[in-house]
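Trainee: First the structure, then my questions, so here it is.
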Amino acid sequence: MSHRSFSSPGFAYDKTHFLGMDVFCENSRQYLKDDTDEGSFGSHVVWDANALYHIPPELDSASAAPLMCGGVTVWGAMALYGIKSTYRVGVIGIGGLGHLAIQFAAKMGCQVVAFSGTDSKREEAKKFGAIEFYATKGLKEFKGIKPLDQLYVTSSEQPDYDMYLSISRRWHLVASPRLRLTRGKVREDHEA
């Protein structure tokens, strides 16, 4: 009998891992950064079982793999910030992370509002569970949009944050590791 398992994006070995907060683990070791001799090209490997997740037989590996990277990223933010099924949730960016954010929030019962630069992702966002979609390119302000309880920023392009403040009660940077919030201002990580 064969067993399949995936590790989280970072192999975490402190209490943050067990709380579902792998990205905050100070002792994490990441594949291809710290452990280049383990992983995808080997036939066998020995890893700490606490850093692995069993993949159910009914879920094929190609479907499971995105959940172990992008899925962990999105779900970690949702769990950390206490998303609730009664929330009206916005998702900026309809790429890999945005697809997962829309699906997770919709499956939890949230009203999901998707934002993308153009209309090209409208049908995709709706298929994944968005109830509203807004193309934002060229907009200076939102009109007629009900307030959001949470807003997840999953885009690679940085949005006009001031525009979103008028409709958001809380917002979270999910896919922007080079951004920092400083005294309420968003800045690139390399800026002083």
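Trainee: What ranking of MET108, MET78 emerges when the number of other C-beta atoms within 10 Å of each C-beta is taken as an exposure proxy, fewest first?
Mentor: Sorted ascending by nearby Cβ count, the order is MET108, MET78.
Trainee: Tell me the label-point distance for the pair GLU123, GLN158, using the 7 Å Cα-to-Cβ offset, in nm and rounded to one decimal.
Mentor: The two pseudo-label positions are separated by 3.4 nm.
Trainee: Order of ARG169, ARG122, ARG88 from fewest to most other C-beta atoms within 10 Å?
Mentor: Ordered from fewest to most neighbouring Cβ atoms within 10 Å, ARG169, ARG122, ARG88 come out as ARG169, ARG122, ARG88.
Trainee: Here's a follow-up. Taking 0.36 nm per intervening residue step and subtracting the Cα-Cα distance, what contour gain separates ILE131 from VAL46 on full extension?
Mentor: Numbers: separation 85, 0.36 × 85 = 30.60 nm, distance 4.46 nm.
Separation in residues times 0.36 nm, less the Cα-Cα distance, equals 26.1 nm.
Trainee: Simple spin-label model, 7 Å along Cα-to-Cβ: ALA65 to LEU139 in nm?
Mentor: For ALA65 paired with LEU139, the spin-label model returns 3.4 nm.
Trainee: While we're on this one: Net charge near GLY109, counting Lys/Arg +1 and Asp/Glu -1 over other residues with Cβ under 14 Å of its Cβ? Display every interim value, and only then the final one.
Mentor: Details: positive: LYS84, ARG88, LYS107; negative: ASP149.
Result for the local shell: +2.
Trainee: Can you put CYS110, CYS69 in order, fewest other beta carbons within 10 Å first?
Mentor: Ordered from fewest to most neighbouring Cβ atoms within 10 Å, CYS110, CYS69 come out as CYS69, CYS110.
Throughout, read-outs are computed from the coordinates displayed, never taken from laboratory work. Keep in mind the model is a prediction, meaning the values are calculated, not measured. Cβ coordinates were reconstructed from backbone atoms using ideal geometry, including for glycine residues, and neighbour counts include every protein chain displayed.
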